[in-house]
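For reference, the structure discussed in these notes is given below.
The values are calculated or read from the model by the stated rules, or taken from the named source; none is laboratory data. These numbers were taken from a predicted model, which means no experiment stands behind them. Heads up, the Cβs are rebuilt from the backbone with ideal geometry, glycines too, and the neighbour counts pull from every protein chain shown.
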Amino acid sequence: MGAMTATATAPANIAFIKFWGKRDAKLNIPYNDSISMNLSNCQTETSVEIDPKLKIDEIRVNGEEVQGGKRERVILVLEEARRLAGSKHLAKVESKNNFPTGAGIASSASGFSALALAASWAYGLKLSPREVSKLARLGSGSACRSIPDGFTYWKKGTNHDSSYAVQFAPVGYWEIRDIVTVVATEAKKSSSTEGHALANTSPYFGVRLKKLPNRLSLMRKAIREKNWVVFGETLEEEAVDLHVMAMTSRPPVFYWNEGTIAVMQSLRSWRDEGLMGYFTMDAGANVHVMSLERDAAEIERRLKQIPEVKFTIMNKPAAGARLL
Ligand code: PMV
């Protein structure tokens, strides 16, 4: 096989029902199903070039050589692609984000989904979307949800073969927006990997798991019926539960800062005026403000006036990973 190159672009996603805690930490098998939406303005472009002359994999993100745990996770994905292709050739990986990296905006989902798709093509594999989703999951669990288009559903499964994401609703299904509201730009002190590992040390871990089947079906129904209020209330409940677990794990992790609280409280008071924005957060201080298209511009304008808000990124539902 001669040198082969493939380039893919993929979106980050925001989970409405979250992945928190790993049943299998090596394979990133979750305890529960999750639901998310792909984000139009948080994208990663990754190219993979196979080069028989390489002695080690060369991995760069935004021009900088990647080291440590992140490098190991990239190599996990490359190794699986090589195993499937029966290839021993190493690769050069170049990745760039169109949004600030390490700004508490998840780049792992967009990064690993773009990597999985590009690597599968570079190694000459013709994988189905399900197989690419499984490959992406090995790098970062949430990345498996960035493979299908639009709104996606990750079936937790029990092993590598049964844990992958499928489409729940297409891109144009519901005109909702995610206004990423950045209140902290420094790199997080505690990664989501650490958070996952601590999840089941919280006494509320089991409590949430018990509530989840009901919450998942409520969320699915809210999306099916486009019921904005049920969607928003379920979204916020789930986000708060994730942070309650983090704050009560051993050791505890506090992701919020004063900006997080300011945004949450502003949304509450704007709702009293009929402006219906709802919040969710991942393992960080930044807030994803979900809104209907009709309210999005006004909510964004007001968010920008909150002193703790550094900047915002307006997102529509987006396609999943694509080959360029
Ligand atoms: O894919 P990971 O390991 O970065 O975990 C993602 C964790 C959350 O963002 C907090 C939740 C989610 O489902 O995206």
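Listed here are the residues, each with its yes/no results for (1) modelled with pLDDT of 95 or more; (2) among the acidic types (Asp, Glu); (3) more than 16 Å from the ligand (Cβ to nearest atom); (4) more than 16 Å from the chain's Cα centre (by Cα).
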position: Arg23; (1), (2), (3), (4): yes, no, no, yes
position: Asn41; (1), (2), (3), (4): yes, no, yes, no
position: Thr44; (1), (2), (3), (4): yes, no, no, no
position: Asn62; (1), (2), (3), (4): no, no, yes, yes
position: Gly68; (1), (2), (3), (4): no, no, no, yes
position: Arg82; (1), (2), (3), (4): yes, no, yes, yes
position: Ala85; (1), (2), (3), (4): yes, no, yes, yes
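Determine whether Thr260 is within 16 Å of the ligand (Cβ to nearest atom), over 30 Å from Ser133 (Cβ atoms) and in contact (Cβ under 8 Å) with a residue 60 or more places away in the chain.
On the way: within 16 Å of the ligand (Cβ to nearest atom): yes; over 30 Å from Ser133 (Cβ atoms): yes; in contact (Cβ under 8 Å) with a residue 60 or more places away in the chain: yes.
Spelling it out, Thr260 is indeed within 16 Å of the ligand (Cβ to nearest atom), over 30 Å from Ser133 (Cβ atoms) and in contact (Cβ under 8 Å) with a residue 60 or more places away in the chain.
Here are Ser87, Ser47: which of them is part of a strand (DSSP E or B), among the small types (Gly, Ala, Ser) and over 30 Å from Ser291 (Cβ atoms)?
Ser47
Based on what the data block shows, is Ile75 out of contact with any His (no Cβ under 6 Å at 6 or more places or on another chain), in a strand (DSSP E or B), at pLDDT 95 or above and more than 16 Å from the ligand (Cβ to nearest atom)?
Answer is no for this residue.
Quick one: in the range 87-104, of everything that is within 28 Å of Val180 (Cα to Cα) and buried (at least 20 other Cβ atoms within 10 Å of the Cβ), which residue is modelled with the lowest pLDDT?
That would be Ala103.
Being surrounded by fewer than 17 Cβ atoms within 10 Å (Cβ to Cβ) and small (Gly, Ala, Ser) is true for just one of Gly320, Gly274, Gly259, Gly284. Which residue is that?
Gly274
Starting from the range 14-42, take each residue that is in contact (Cβ under 8 Å) with a residue 40 or more places away in the chain and of a type in the set (D, E, K, R) and list its partners that are in a loop (DSSP other than H, G, I, E, B) and within 11 Å of the ligand (Cβ to nearest atom), counting only C-beta distances under 8 angstrom and pairs at least six apart or across chains.
Partner pairs satisfying both residue conditions: Lys18/Asp282; Lys22/Asn28.
Within the group Leu218, Leu212, Leu275, Leu235, which residue is aliphatic (A, V, I, L, M), in a helix (DSSP H, G or I) and away from the ligand (no atom under 13 Å from the Cβ)?
Criteria check complete, one pass: Leu218.
Go through the range 155-166 and give me each residue that's surrounded by fewer than 21 Cβ atoms within 10 Å (Cβ to Cβ) and either without any contact (Cβ under 8 Å) to a residue 40 or more places away in the chain or among the hydrophobic types (A, V, I, L, M, F, W, C) (or both).
Within the range 155-166, Asp161, Ser162, Val166 meet the criteria.
Could you list all residues from the range 216-230 that are closer than 23 Å to Gly206 by Cα, out of contact with any Ser or Thr (no Cβ under 7 Å at 6 or more places or on another chain) and either surrounded by 18 or more Cβ atoms within 10 Å (Cβ to Cβ) or among the basic types (Lys, Arg) (or both)?
Matches in the range 216-230: Leu216, Arg220.
If I filter the range 1-21 down to residues being touching a Gly at 6+ places or on another chain (Cβ under 8 Å) and outside any loop (DSSP other than H, G, I, E, B), which single residue comes out as farthest from the ligand (Cβ to nearest atom)?
Met4
Please name all residue pairs, on different chains or six or more residues apart, with Cβ atoms under 9 Å, provided the first residue is in the range 190-211 and is more than 15 Å from Val240 (Cβ to Cβ) and the second residue is within 15 Å of the ligand (Cβ to nearest atom) and among the acidic types (Asp, Glu).
Once the first residue is more than 15 Å from Val240 (Cβ to Cβ) and sits in the range 190-211, its partners that are within 15 Å of the ligand (Cβ to nearest atom) and among the acidic types (Asp, Glu) give Ser192/Asp282.
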